[in-house]
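Right, one structure below, let's go through it.
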Amino acid sequence: ESVITLRRWMPFSRRSEITDDLIQQIKTLPDDSAHEAIRNLKKPKQFVKGTGGHQLTLPVQLTTPTTHAIISAKALLDSGCVGSCIDRKFVEDHQLTIQPTALPIPVYNADGSRNQDGSITGFVTVRLKVGEHAEIINLAVTKVDSADVFLGHDWLKAHNPSIDWSANS
């Protein structure tokens with residue numbers, strides 16, 4: 001009954017995410033986290049992998065909050081990617097600390113289909129340096145092709161950088 005009720009409340013595009021397993025996960029959360037998780041389900045899809053058509057690769061530096069180790073990485077600016085993320089293998093190779101998400105976050109391909117690599121279940125917090133700009137950022141951990149980090153539409157919208165697509169700068 002919970003599944004049916006929640007599906008009726010959800011936008012059509014997200015209804016397939018509501019399963020008995022998801023309901024059980026929500027029930028294990030503290031009340032405020034459960035309410036937040038349900039509110040987040042009502043929002044538009046959170047992460048979409050881009051098609052590769054509107055992107056620019058640039059060198060960045062990541063600094064870990066615990067050891068303060070500086071790690072060089074390749075970041076891809078991708079306006080087709082909704083949320084900023086970091087490659088799972090890169091995270092493992094550099095032993096970055098993964099913090100769990102309250103609930104798995106589904107990943108969708110640009111065509112709207114669910115991504116076969118699965119949902120996002122964790123994120124890392126790092127200091128990201130792009131040129132002279134530095135900030136603390138949470139990056140979702142997922143499989144990322146063609147770069148270590150994707151700086152998606154969320155990052156581009158927040159920073160509104162000047163980009164010369166012709167000169168790749």
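The values are calculated or read from the model by the stated rules, or taken from the named source; none is laboratory data. Nothing here was measured: the structure is a model prediction, and the numbers come from that model. Heads up, the Cβs are rebuilt from the backbone with ideal geometry, glycines too, and the neighbour counts pull from every protein chain shown. Ligands, DNA and RNA are excluded from the accessible area calculation, which covers all protein heavy atoms including side chains. Shrake-Rupley method; radii C 1.70, N 1.55, O 1.52, S 1.80 Å.
Side notes on the structure shown:
- Coarse-grained scattering of the stretch 68-135 at q = 0.15, 0.20 Å⁻¹, given as base-10 log I(q)/I(0) from a Debye sum over alpha-carbon atoms: -0.60, -1.03
- Percentage of interatomic Cα-Cα distances in the chain larger than 26 Å: 34 percent
- Lysine pair number, Cα distance threshold 19 Å (strictly under), the stretch 55-169, separation 8 or more or different chains: 5
- Heavy-atom accessible area per residue - the chain, 1.4 Å, Å²: 59 Å²
- Once the chain from I71 to R8 is taken as fully extended at 0.36 nm per residue, the excess over their C-alpha distance is 18.1 nm.
- The calculated 222 nm mean residue ellipticity attributable to helices in the chain amounts to -7000 deg cm²/dmol, summing -39500 (n - 2.57) over DSSP H runs of n ≥ 4 and dividing by all residues.
- Principal-axis tilt of helix 31-42 within the chain, Cα atoms, nearest 10 degrees: 80 degrees
- Given +1 at the Cβ of Lys and Arg, -1 at the Cβ of Asp and Glu and no other charges, the dipole of the chain around its Cα centre is 400 debye to the nearest 20.
- Extension reserve of the A167-T28 stretch, reckoned as 0.36 nm per residue once the Cα distance is removed: 45.0 nm
- Taking amide hydrogens as placed 1.01 Å from N in the peptide plane, the amide H of I120 sits under 5 Å from those of I105, V107, each at least 5 positions away in sequence or on another chain.
- Full extension of the chain between D21 and A110 yields a length gain of 29.5 nm, computed as 0.36 nm times the residue separation minus the alpha carbon distance.
- Loop-located GluC sites (Glu not before Pro) in the stretch 92-145 (DSSP state other than H, G, I, E, B) with a sparse environment of at most 11 neighbouring Cβ atoms within 10 Å: E132.
- Distance between the modelled labels on E92 and D154, one decimal in nanometres: 2.3 nm (7 Å Cα→Cβ projection).
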